[in-house]
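Just below is one structure, and these are the notes that go with it.
What follows is calculated from the coordinates using simple rules that are stated; it is not laboratory data. Since this is a predicted model, take the numbers as computed values, not measurements. So basically every Cβ, Gly included, is an ideal-geometry build from the backbone, and we count neighbours across all protein chains shown.
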Amino acid sequence: MLSKLIKYDFKALSRVLLPTMAAVAGASLIATLSFLFTEKSYSSANNGGLATMLGGLLAVVMVLAIIAACFLVFFIICAHFYRNLMTDEGYLTFTLPVKTSEILWSKLITAMLWTIISVVVIGLCVLMFVGLSTAASGDGRQLFAQISDALRQMFALFNTQSALIVFEAVLCVLVMLAFSILHIYLALVIGGVVSHRHKILAGIGFYFVISIVVSILTAIAQYYFGSSLIGGINGMGSVIFNPQNEIEAANQLVSAAQPYYWFSIGFTAALDVGCFYLSKYFLEKKLNLE
């Protein structure tokens, strides 16, 4: 049943987010082509200053469009959750023969999927704009060559540790993304429980309350855990600052940072679990629908 819920939620979000991503891609393509045309036209007319100004203006317009798209994605995801569970639609949603946990899993998975899709689309649009707008110039090709060389050197330096670093980075991003979404869900649910008329305003207020609580817990946890990481880094200082042992220093740096990375992942995952089950509890026991 969870797969059917995910399919339904994904389609519901796709009705708005798919055209939004298409609009962002189209706007980026238009901005890129306009930039290339403007630069070529005014440069051929020996008016490079005006070409630079217009190109900068187009870049600003594209950045504003991307920022607006990000806010729209965030708003649509939150509105979909609120409408399905906290309004009259909630009566229909909670009459389905599914568990509350499955409903939450469906909302979380589809929100994460669409967030990742949005990031990929926006990243490709930025890459397209930067790549095509600088492809004709030697500076642009030099920039991409430098980035490529830096990445190759980084992976060569960390050697066998590269796969571990990538895995930890992906896992960390996923648990942090899940927390950012569950954080909003929990705030909306609590806001809907404590307020009958101003649920959204209450949810916004509880969002900041939860943020403060999480910040305090994070500070306490890092205070008691940070000493071990600092000790590990201090203990290998003689290796890190020896330029003849770059690979050894990089591997020891990764090894020394492992406790902190896994602590961060585990702590964030614990916050995910807490937000998930608190949302489940309030939805099952305390929910007041409109």
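A compact table of results
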quantity: Using a Förster distance of 25 Å, the FRET efficiency for Val126-Cys172 (Cβ separation, nearest 0.05); calculated: 0.65
quantity: Estimated distance in nm for a label pair at Ala68 and Leu217, the labels positioned 7 Å out from Cα along Cα-to-Cβ; calculated: 3.8
quantity: Phi-based couplings in Hz for the stretch 200-206 (Karplus 6.51, -1.76, 1.60; Gly and Pro marked x); calculated: 5, 4, 5, x, 4, x, 5
quantity: Residue-span extension gain [Tyr281 to Ala59] - 0.36 nm each, minus C-alpha spacing; calculated: 75.3 nm
quantity: Members of Lys99/Lys199; Lys7/Lys286; Lys4/Lys199; Lys107/Lys199; Lys107/Lys280; Lys4/Lys107 lying beyond 22 Å, as alpha-carbon distances in this model show; calculated: Lys99/Lys199; Lys7/Lys286; Lys4/Lys199
